[in-house]
1. For the range 1-36 and the range 53-96, what is the centre-to-centre distance using only Cα atoms, to the nearest Å?
2. Can you compute the helix-only [θ] at 222 nm over the chain? Use -39500 (n - 2.57) per DSSP H run of at least 4 residues, normalise by all residues, nearest 500 deg cm²/dmol.
3. For the chain, set up a GNM with springs between Cα atoms under 10 Å and report which of 132, 123, 209 has the largest fluctuation.
4. Top mean-square fluctuation among 233, 211, 61, Gaussian network model of the chain, C-alpha springs under 10 Å?
5. Select from 240, 151, 164 the residue whose mean-square fluctuation is largest in a Gaussian network model of the chain (Cα-Cα springs shorter than 10 Å).
6. Please arrange 95, 221 by counting, for each residue, the other beta carbons lying within 10 Å of its beta carbon, fewest first.
7. Kirkwood Rh over alpha-carbon pairs of the range 105-213, then Stokes-Einstein at 25 °C and 0.890 mPa s: what D in µm² s⁻¹, rounded to an integer?
8. Separation between the residue 126 and residue 244 pseudo-spin-labels, each 7 Å from Cα along Cα→Cβ, expressed in nm?
């Protein structure tokens, strides 16, 4: 079977100190992979490394058989969109301006957007229910609104791969479900490969094709939600006391 996006013997970390080692996965177009695990287990470091936001310590990541390190920045930006937990703080920019930044990999040297580009920006904001705040200052919106605008920016890139770190943080249940449904729709209808981390296990079980469990510098397993969301696996991953798994999932 041919895989579109994969990691082989990937080691990630900081200052030559490994955080997670020997990461291996292979995804087809349109699949959703969710990383779960305790705080500090290295999920964000994995996401940054597979998106080339941070240099890997070892191994390789491939897109369509080509090593990630061979892609030039502009080409990579057309392939991969990233929404991380670090919050940008642009001054004097509206929400529409921030979302429009996703179109710049497709513009000329002056970064001038065409009317077609601007329509894609509006469509993206509409998709994430943020069109009504397009003219507001990005620095003055709530955390939940900020998360939706950043996802709109990612959608504007028309990427083949989207990497997101805790995209449902600061969102109430309604908007969290809408964001996840949007990602799932992108995967099914556009063939977008989605890789994300989530703390909410119910959401991970809902949206994922595959789930990666990360703990203590290791990948414990990568499998289907049906195989991962069992009492044995989740209790081991989070060191849950007896009975907590049943409470967590309302069993």
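Where a number appears in this text, it was derived from the coordinates with a stated rule and is not lab data. Just so you know, these numbers come straight off a predicted model, no measurement behind them. Glycine also receives a Cβ, built like all others from the backbone with ideal geometry; neighbour counts cover every protein chain displayed.
1. 15
2. On the way: 10 runs with 90 residues, N = 251.
Per the formula, -10000 deg cm²/dmol.
3. 132
4. With Cα springs under 10 Å in the chain, the top fluctuation among 233, 211, 61 is at 233.
5. Highest fluctuation of the listed residues: 240.
6. Working: 95 26, 221 14.
Fewest to most other Cβ atoms nearby, the residues stand as 221, 95.
7. Values: Rh = 14.8 Å.
The calculation lands on 166 µm²/s.
8. Here the modelled spin labels are 4.6 nm apart.
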